[in-house]
Amino acid sequence: MAVSTLPRPRKRNLWSAGTEDQLWTRIRDRDDRPISAVIRDFCRERGLSFHTARAKYYRRQRTGQAGGESPADTALEDLGAFLRDAGQASGVDLAGFLSGLKTLAALAAEGQRRGERAEEVKALRREREQLASEVEEYRKRFELLTGELQALAALVEEFSGLTSVAKVAGLGEFARKLRHQVEQAVQATI
């Protein structure tokens with residue numbers, strides 16, 4: 001005859017508000033571990049039911065009691081409560097109200113796009129002004145260098161128009177003028 005053993009009844013651990021807060025703290029400080037693994041470890045340490053703990057976690061997430069509600073969540077909840085109350089009141093035009101909200105949202109998005117475009121236009125204008133000043137600077141520099149180059153060309157042309165004897169006699173003077181003209185051209189480039 002086989003002796004059957006009945007499973008011993010599990011000790012029932014009751015959840016307290018403090019236990020739930022401890023679970024929530026553990027989940028918040030989980031360091032990128034999966035939430036279910038954190039809940040499972042928490043339950044093993046305390047002898048609690050994993051399913052109950054998971055249900056409490058998700059219920060708390062849904063109701064927003066975690067203290068991590070964003071302002072958008074709060075605004076949406078307030079709007080939902082307003083719509084529920086307005087739906088029960090008589091003489092309230094919810095369709096018109098929602099249409100107005102939709103129009104306001106579209107206008108807000110359009111205003112934001114226009115603001116972004118205005119910033120882009122300002123940036124492009126600043127860039128255009130900067131480029132125009134750089135172009136003007138390069139144009140002035142080009143004119144100055146063109147004048148120096150024309151002076152050098154005139155000096156060389158004058159020297160090459162001389163006779164051979166005059167070239168030899170004026171070579172020293174030509175070298176001095178050429179050096180002076182090149183120095184002026186170099187100064188103009190700086």
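Would you mind calculating the gained length between Val182 and Thr52 on full extension (0.36 nm times residue separation, minus the Cα-Cα distance), in nm to one decimal? Let's see the in-between values first.
Details: separation 130, 0.36 × 130 = 46.80 nm, distance 9.19 nm.
Taking Val182 through Thr52 to full extension adds about 37.6 nm, to one decimal.
Sort Ile35, Ile27, Ile190 so the one with the fewest other Cβ atoms within 10 Å of its own Cβ comes first.
Details: Ile35 14, Ile27 18, Ile190 4.
Going from least to most buried by this count: Ile190, Ile35, Ile27.
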Exercise for the section: Please get the size of the charge dipole for region 135-190, origin at its Cα centre, with Cβ charges of +1 on Lys and Arg and -1 on Asp and Glu, quoted in debye to the nearest 20. Expected result: 160
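For each of Ser160, Ser36, count neighbouring Cβ atoms within 10 Å of the residue's Cβ, then give the residues from fewest to most.
Numbers: Ser160 9, Ser36 12.
Ordered from fewest to most neighbouring Cβ atoms within 10 Å, Ser160, Ser36 come out as Ser160, Ser36.
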Fill in the blank from the handout: With +1 on the Cβ of every Lys and Arg and -1 on the Cβ of every Asp and Glu, the dipole magnitude of region 13-66 about its Cα centre, in debye rounded to the nearest 20, is 220
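Here, each number is a calculation from the coordinates, and none is a lab measurement. As the structure is a computational prediction, the values presented were derived from the model and not from experiment. Glycine also receives a Cβ, built like all others from the backbone with ideal geometry; neighbour counts cover every protein chain displayed.
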